[in-house]
Structure formats: structure tokens, C-alpha cells
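*Asks:* Shown below is the structure under consideration.
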Amino acid sequence: MKKWWMLSSLLLIALASLSYYSFSQFKVVNAWEEKQMVLTNKVWKLQFTEKISEQSLNSDLIYVTNDKGEKLENELLLSDDQKTIYVNPPQDGYDAGANMYTLHFKEGIKSTLGRKLGASQTLQFIVKETLPVIGSQENLASYFEEILKEQKESRSWFGREALFDGAKEEKTSSGSDMANSGASKDVSETNNQVQGVDEADIVKTDGKHIFQAEQNKVRIIKAVPGSEMTLLSTISYEQTFSPYQLFLEGDQLVVIGYQYHHFSKPLDKIAEDTLIAPMMQSTKVIIYNVENPAKPTQIREIELEGSYASSRKVEGMVYLITNHYPDYWLLEEKREIDIRPKYSDSAAGSGEKTVGYDDIRYFPDSKEPNYMMIAAFDLARPKKEATLTTYLGSGNQIYMSKENLYLAVQNHSELPMDERGIIAPDTDIHKFAIDGMDVSYHSSATVPGMVLNQFSMDEHNGYFRTVTTKGYAWDDTKPSSNQLYILDENLMEAGKIEGLARGERIYSARFMGDRIYMVTFKETDPLFVIEASDPANPKVLGELKIPGFSNYLHPYDENHIIGFGQDTKIVAEKGVNSGTRILTDGVKISLFDVSDMSNPKEKFTEIIGGRGTYSALNHDHKALLFNKDKNLFAFPITVYKNSDKNEYEQIFEYQGAYIYNVDPARGFTLKSKITHITGQMPIYEEWDSSIQRLLYIGDTLYALSPAKITSHDLKTYGKIGELRLGLNNRE
């Protein structure tokens, strides 16, 4: 018995050792198909389990051959963490006319520990000039069946779905440089990122009227004069439609909202009976003629299946982007079920249409279980049918200039199942050329790391620039880092900076021509000042570390930038788990002086309230009203103060909006507070009285909440008018 026990123990030890060797051996971790289809500028990423010896970075061990066996000239680069080798394409890209290419990586590749790659490997790939089409029901079903298979494998690894769902909600002389930086105008506009590229918002004005989307209605208000505001009309909707954002173009009001569809039978039963998955949720656009604002008339409807991602308006052209996650699990019940996205356009006649198989394109080296639809329509030609382009694979981070649209998509597909959710993904950038109603695919690239939001992207003098965070700030074993990538008009890498602020992540960024500002955070807020006049050689010229962080950066002038975010405090822990922790405190506004780029200064600061204080501007740039010439910096705010009794207790203090003057010589001056709460402040916030937006028409300032609109003299800030709205008032 004792002998048997010893033999069993030895066997277990041997198996454990074998298992450890198997899982810890030096190997490539990429999960590729046997044969890949890629685009002409594909950058291959070889990810290894250990750091790579720099001696292994040579073309005898890693190279690409064409169908004639000829070796190509590919630049090899080692990642910052030394675990990834990037194989760049030839200078002019791969030839789409070639039959086949082969990527070779040899067993002579060594890790820094001296271990060699177990065996030589090859990967064959073909190249396409542009995105391929799905083409048939069979191909579409196969596409989603592969995804279903991967997800089942994922559940076997994790016991659940993927560990995270990624971050979700966007050729000029960088119009984003100084967009809305304070040009003198009599009517305020939405705080857009790029000058000349309008973004939809919950409030718009034409200088005479205010248009407000609120719950299940759109209000049209006569705003001038401010002392005689009148509700002219209310467009009310059924509970199945919820207006979300607005555009205004001349006498046309564009309402974008969510449409919900109800069915008497279960989804799978409908699909089984009809072989068509029904449209459950869609994004609907309703266009009105508001020449007579008291009697708006509907002139057009456009509906795209899926959720609203973003939209832009340029010179009367509207570009609408939606994401649709089809119920592809229905394919397991019946493979013939049609899960293509649907749409309708009243300009093309009544009735719902389905996107054709030949009109669905896909990104070759990506496997995303969703569709992205881009609709373009001309407000000057309401009878002209919208153009529609459809792609498999979607993203919520959108940047658009007047000529190009960029989509940022997190790419998990090259990671093996057991690494997804553990290793942070990289980001695919897809570029689309814009020419009126024509939206055409241009090129793609992959950049290391994740893009935070639309302000992490920019286009300047034909170059696309983006800042990313590689890895996770919470992962001390693989510290995160932050980088800048500059890509040329074909999205080939032109320049970069890597390895900034290890262990931190990006909280905000702003591109201002040749200057780039980036804020990272973990315990303090480093502001990086980057000079990028030479795209091939960007340089960090200055860095400033201060308490707190900025969620949003706004240009004041070429030498000053305003940061809006939160103050923080480092608190010592007591007891067994002694150490420090970070507490978020009040809202913080900073005025940075960057006239000397090598020596940025936080010249002035303003702290509002204590823990719990927040503003819509912390997460929505359109909540800001700024005009430099009018010396106006205003935003909604809800203020809490810290309790003396308990560090975790906050006491509600104020709800409304703050109005500041900003001066580079004197800093921030609080000029006025506006609230829509009547009488004394209550114990708790009042949602109906929450000011959502501020705007001005001439010398009158308007504050809008669900309950009312108030008008104020811009010189004295005294109230000159009030229009009560809401459920308790007739509309």
C-alpha cells in the first residue's frame, strides 16, 4: 500500500511538471487560422510568453516570402514590454495581385532567459486591396458560427463570457485645435470637437428659437426676447420612441432617437416561423420642416436596425452610425434564419428592407459579432435616398473631420481564448473617405493599446494621430504604459512615442495643431506636452505632475489650456493593510500655461465642493458653454460637501450651474450661480431641476432643465424670464 502511494505521488509530480513545462514553455501565443486574409498594410504582431532577446530581432529568424519564395524587406520592431515583435509591411505595402505570402518565424528565436522557440512555424496569408464582401447566406452563417464556436471555447476557459466588454461611447488643419475656442458669435453653438463638423445634442438654437429633446418629446420654444419666452409647440411620441439628440439645419430639425418594437410572440418563434430575425431595436431619424415652428411638419423618416453610436453633420450632410448585435444564436436552431440588418427610408418608399449579402463587407483579420451601418443623407435633398454602407465589426469611438471618418475598434481576435480578458487588446483604426453622400472604405491599421474616446484621436495636415493606453493600470505585474502614434494618409506609421507614465492610464487628451496634450493618472495627474510639427519625430517637451486629474481639456488660446476634472487626496490607511489610497474630492478646474512647452505650469485652480460633487462636463463635452470673447465659461454642477463626522459621508449642498470668467492673468472668477430649484436647497437632488445645458443668444444667457428654462442678462446675470415646463405644466 505504501509502495502504491509513493508511485502515485511520483506520477502526480511528473504530470504536474509536464503540465508546468507545457504551459510555461517559450512559445507564440497568437491564435491564427491556418490561412489569413489581410489588407495591404497589415502589421503582424508575434506575441510571446516571455521577453524576447534583442538578438532574435533579425530577418534570418523572422521574415516574409512571396509566392515565388523571395524574401521581402520587412521592418522588425520590438514592443516596449519586449514580448511582442511587430512585422511591418514593405514600404509600398503588400501586393494584392500576389497569390500567397508566408510569414516565417524560426526556432532560433530566443527569450531573454535563453530559451528557444520550440519549433519553426509559418503562416500563409493572401492580400486584398479593399474589404471583401460576405456575398452569400452560407458565408454569413459560417462567419457567425465561428464566433459561436469561439464563445463556447471562451466559456470553457472562463466559465462565463469574456471578462470585459471594452470601452463603449467619436484633411483639416486640425479643426479640433481650437474648435469653439471663443470666436465672437451672437449665438452659441454646440461645443464640437472639430470646427465645421457639427455634433448632435439635446439642445439646439437658431438664434430665435430653442429646440429641446426631453424624455418622449421635443419642445420648440420662442426664446427672443428672453423676458417673453413661449412654448410654441411640443412634438410628442409614443412610448416606443425616445428622442435622444438633435441637429438643426436652416428650417429643418433632425430628431435622432431610439425606436423599440414589441411583438406578441417570442423572438425565436417569430424567427422560426418566418426565417427572418425581427427588428427589436433601431435608431430612427425623423426630419421636420420647422419654417413655422408653431406647426412643425414631418417630411422624412430613416430607420437603421441597431443602437445609436454617433453622428455628425457637415454642410447639410448628416452621417449616422449605428451598431447592431444580431441574435446569431438563432442559427443553432435554424441555419437558414436571416440575421442581416434591416433599414427603411421614406424617401425610397414605405416598407422595411434588408441589407444585401453583396453589400455587407468585413474586416479580414477581425471576428466581431456585430454590424456597423453608416447612413448618409442630404438635408437639401429630402427626396434623395440615403446611402448605406454596412460592415461586420463595430466600434463606439468615432472621430470625424470634414473629409474622413475614423472608427476605433478593440481587437481581441488575435489573442488566444485563455488570454482574452487578461491581456489588454489593441485597437484597429478604420478610415473611411467622405465625399458628400459617398462614404467609402479607405484603409486600416492596428495601434497598440486602447483608445479612450473621440478626443484621443485627431487628423492634422493629412496625418491621423491617436493616444492609447497599453495594458491595465491595475495590473502591477504588467504595468500599463501610454503612447502616441502618428499615421500617414494610408495609415502607415509615420512616428510614435511609447512608454509614457507606466502604471497609469489616459484620462484626457487634446490635439491643438502641432501641440498635443495628454493627461494620465494613478496617484497624481501628469500633464504631458508633446511637440509634433515633425510627424516622424514627435517629442515630449514638458511634463507637469499635480494632484487630481482632468477628464476634459479645452483650448483657451495657443498658450493656455483649461483642464476640467476632479481633485484627489492621498489618504494613509490604518490597521493591518497600511498603505495609501486615493480619494476623489471636489470638481477641479485648472488653467495651464504652456507658453513654455518645456515648462508647463498649473497657473490657477478652482476647487468646487467635496466628494460626490460632479458635473455633466466630466463625461460629456457638450455640457460646456465657452466663449473667450464674452469671457464666459459655464457648466452644470451638483455640489456636495464633506461631512466632518465621516469621511465617506457627503452632504448635498447645491444643484444648478456655475458661470465663470477666465483670465490668464487672474484665473477663474465665479460670476454667478443659477439654480432651477425654488426656495431653499432640499436634502436630496431634484432630477427635474437639474440644469442640462446653457446657451446664449446675443446678450441673453439661457439655462435649460426638464422643469423650466430661465433667461439671464449676460452682463449682470440677473434673471429676466422663466418658462415653466415639465409634467405638471400644459404642453
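The values are calculated or read from the model by the stated rules, or taken from the named source; none is laboratory data. Computed from a predicted structure; not experimentally measured. Glycine also receives a Cβ, built like all others from the backbone with ideal geometry; neighbour counts cover every protein chain displayed.
*Asks:* Kindly provide the set of residues from the stretch 469-500 that are of a type in the set (D, E, K, R) and over 19 Å from the mean Cα position of the chain (by Cα), ordered by number.
*Replies:* Here is the first cut: in the stretch 469-500, the residues of a type in the set (D, E, K, R) are 470, 475-476, 478, 488-489, 493, 496, 498.
Once the filter is applied, which keeps residues that are of a type in the set (D, E, K, R) and over 19 Å from the mean Cα position of the chain (by Cα), the stretch 469-500 yields 475, 476, 478, 488, 489, 493, 496, 498.
*Asks:* Let me ask something else about it. Among the residues of the stretch 572-584, is any under 27 Å from residue 541 (Cβ atoms) and within 28 Å of the chain's Cα centre (by Cα)?
*Replies:* Within the stretch 572-584, the first condition is being under 27 Å from residue 541 (Cβ atoms), and the residues that meet it are none.
Within the stretch 572-584, none of the residues are under 27 Å from residue 541 (Cβ atoms) and within 28 Å of the chain's Cα centre (by Cα).
*Asks:* Scan 702, 658, 648 and give me the residue that is closer than 15 Å to residue 615 by Cβ, in contact with a Lys or Arg (Cβ under 9 Å, 6 or more places away or on another chain) and not hydrophobic (A, V, I, L, M, F, W, C). Explain how you work it out, then say what you get.
*Replies:* On the way: 702 fails: closer than 15 Å to residue 615 by Cβ; 648 fails: closer than 15 Å to residue 615 by Cβ.
The conditions single out 658.
*Asks:* Then there is this: Taking the stretch 290-327 as the region of interest, how many residues are closer than 18 Å to residue 348 by Cα and of a type in the set (Lys, Arg)? Show your work before the answer.
*Replies:* As a first pass, look at the stretch 290-327 and keep what is closer than 18 Å to residue 348 by Cα: 298-305, 317-320.
Then drop every residue that is not of a type in the set (Lys, Arg), which leaves 300.
Counting residues in the stretch 290-327 that are closer than 18 Å to residue 348 by Cα and of a type in the set (Lys, Arg) gives 1.
*Asks:* Can you find, within the stretch 501-523, the residue that is farthest from the chain's Cα centre (by Cα) among those that are surrounded by fewer than 18 Cβ atoms within 10 Å (Cβ to Cβ) and either at pLDDT 95 or above or among the β-branched types (Val, Ile, Thr) (or both)?
*Replies:* So, considering only residues that are surrounded by fewer than 18 Cβ atoms within 10 Å (Cβ to Cβ) and either at pLDDT 95 or above or among the β-branched types (Val, Ile, Thr) (or both), the one farthest from the chain's Cα centre (by Cα) is 514.
*Asks:* Out of 585, 567, I need the residue that is buried (at least 24 other Cβ atoms within 10 Å of the Cβ), modelled with pLDDT under 95, over 30 Å from residue 84 (Cα atoms) and not aliphatic (A, V, I, L, M). Which one? Write out each step before concluding.
*Replies:* Values: 585 fails: buried (at least 24 other Cβ atoms within 10 Å of the Cβ).
The conditions single out 567.
*Asks:* Also, quick follow-up: Residue under question is residue 210, and the condition is that it be modelled with pLDDT of 95 or more, buried (at least 22 other Cβ atoms within 10 Å of the Cβ) and of a type outside the set (Asp, Glu); does it hold? Working first, answer last.
*Replies:* On the way: modelled with pLDDT of 95 or more: yes; buried (at least 22 other Cβ atoms within 10 Å of the Cβ): yes; of a type outside the set (Asp, Glu): yes.
Taking the combined requirement at face value, the residue satisfies it.
*Asks:* Please specify each residue of the stretch 665-720 satisfying the condition of being in contact with an Asp or Glu (Cβ under 9 Å, 6 or more places away or on another chain) and either assigned to a loop (DSSP other than H, G, I, E, B) or modelled with pLDDT under 95 (or both).
*Replies:* 676, 677, 681, 692, 698, 699, 705, 706, 707, 714, 715, listed by residue number.
*Asks:* Continuing with the same structure: Just the residues that are surrounded by fewer than 17 Cβ atoms within 10 Å (Cβ to Cβ), among the aliphatic types (A, V, I, L, M) and not in a loop (DSSP other than H, G, I, E, B), please, taken from the stretch 91-129.
*Replies:* 126
*Asks:* Here's something else I'd like to know. Just wondering, is there one or more residues in the stretch 56-72 that are farther than 24 Å from residue 479 by Cα and under 33 Å from the mean Cα position of the chain (by Cα)?
*Replies:* no
*Asks:* If I filter the stretch 525-561 down to residues being among the charged types (D, E, K, R) and part of a strand (DSSP E or B), which single residue comes out as nearest to residue 628 (Cα to Cα)? Even if it seems obvious, please write down each step before you answer.
*Replies:* Pass one, the stretch 525-561, residues among the charged types (D, E, K, R): 525, 531, 534, 539, 543, 545, 557-558.
Now drop any that are not part of a strand (DSSP E or B), which leaves 525, 531, 539, 543, 545, 557.
On the way: 525: 26, 531: 25, 539: 29, 543: 26, 545: 27, 557: 9 Å.
Result: 557.
*Asks:* Is there any pair linking a residue in the stretch 189-207 that is basic (Lys, Arg) to one that is assigned to a strand (DSSP E or B) and surrounded by fewer than 23 Cβ atoms within 10 Å (Cβ to Cβ), with Cβ under 7 Å and at least six apart or on different chains, and which?
*Replies:* 204/246; 204/248
*Asks:* Right, here's the next one. Enumerate the pairs (first residue in the stretch 322-337 and closer than 13 Å to residue 143 by Cα; second residue anywhere and small (Gly, Ala, Ser)) with beta-carbon separation below 7 Å, excluding pairs fewer than 6 apart on the same chain, so at least 6 apart or on different chains.
*Replies:* Every condition considered, the pairs that remain are 326/277; 331/141; 335/141.
*Asks:* Here's a follow-up. Is it the case, given these coordinates, that residue 556 is under 26 Å from residue 689 (Cα atoms), in contact with a Phe, Trp or Tyr (Cβ under 9 Å, 6 or more places away or on another chain) and not small (Gly, Ala, Ser)? Talk me through it step by step, then tell me what you get.
*Replies:* Details: under 26 Å from residue 689 (Cα atoms): no; in contact with a Phe, Trp or Tyr (Cβ under 9 Å, 6 or more places away or on another chain): yes; not small (Gly, Ala, Ser): yes.
It is false that residue 556 is under 26 Å from residue 689 (Cα atoms), in contact with a Phe, Trp or Tyr (Cβ under 9 Å, 6 or more places away or on another chain) and not small (Gly, Ala, Ser).
*Asks:* Would you pick out the residues in the stretch 617-662 that are touching a helix residue (DSSP H, G or I) at 6+ places or on another chain (Cβ under 9 Å) and not in a strand (DSSP E or B)?
*Replies:* If the condition is that a residue be touching a helix residue (DSSP H, G or I) at 6+ places or on another chain (Cβ under 9 Å) and not in a strand (DSSP E or B), then 617, 621, 622, 623, 624 are the ones that fit.
*Asks:* Go through the stretch 317-387 and tell me which strands (runs of 3 or more DSSP E), entirely inside it, have 2 or more residues that are closer than 13 Å to residue 303 by Cα.
*Replies:* 317-324, 342-345, 371-378
*Asks:* For the subset of the stretch 90-127 comprising residues that are at pLDDT below 90 and within 33 Å of the chain's Cα centre (by Cα), which member is farthest from residue 354 (Cα to Cα)?
*Replies:* Residue satisfying both the conditions and the ranking: 91.
*Asks:* Now for a separate question. Would you mind stating whether residue 295 is of a type in the set (D, E, K, R), in a strand (DSSP E or B) and either at pLDDT 95 or above or under 21 Å from residue 220 (Cα atoms) (or both)?
*Replies:* Values: of a type in the set (D, E, K, R): yes; in a strand (DSSP E or B): no; either at pLDDT 95 or above or under 21 Å from residue 220 (Cα atoms) (or both): yes.
So residue 295 fails the test.
*Asks:* Next question. Working only within the stretch 105-153, note down all residues that are hydrophobic (A, V, I, L, M, F, W, C) and closer than 28 Å to residue 390 by Cα. Working first, answer last.
*Replies:* If we filter the stretch 105-153 for residues that are hydrophobic (A, V, I, L, M, F, W, C), which is where we start, we get 105, 109, 113, 117, 119, 123, 125-127, 131, 133-134, 140-141, 144, 147-148.
Within the stretch 105-153, 125, 126, 127, 131, 133, 134, 140, 141, 144, 147, 148 meet the criteria.
*Asks:* Which is at pLDDT below 90, outside any loop (DSSP other than H, G, I, E, B), of a type outside the set (A, V, I, L, M, F, W, C) and surrounded by 15 or more Cβ atoms within 10 Å (Cβ to Cβ), of 150, 170? Give the steps one after another, and end with the answer.
*Replies:* Details: 170 fails: outside any loop (DSSP other than H, G, I, E, B).
From the options 150, 170, the qualifying one is 150.
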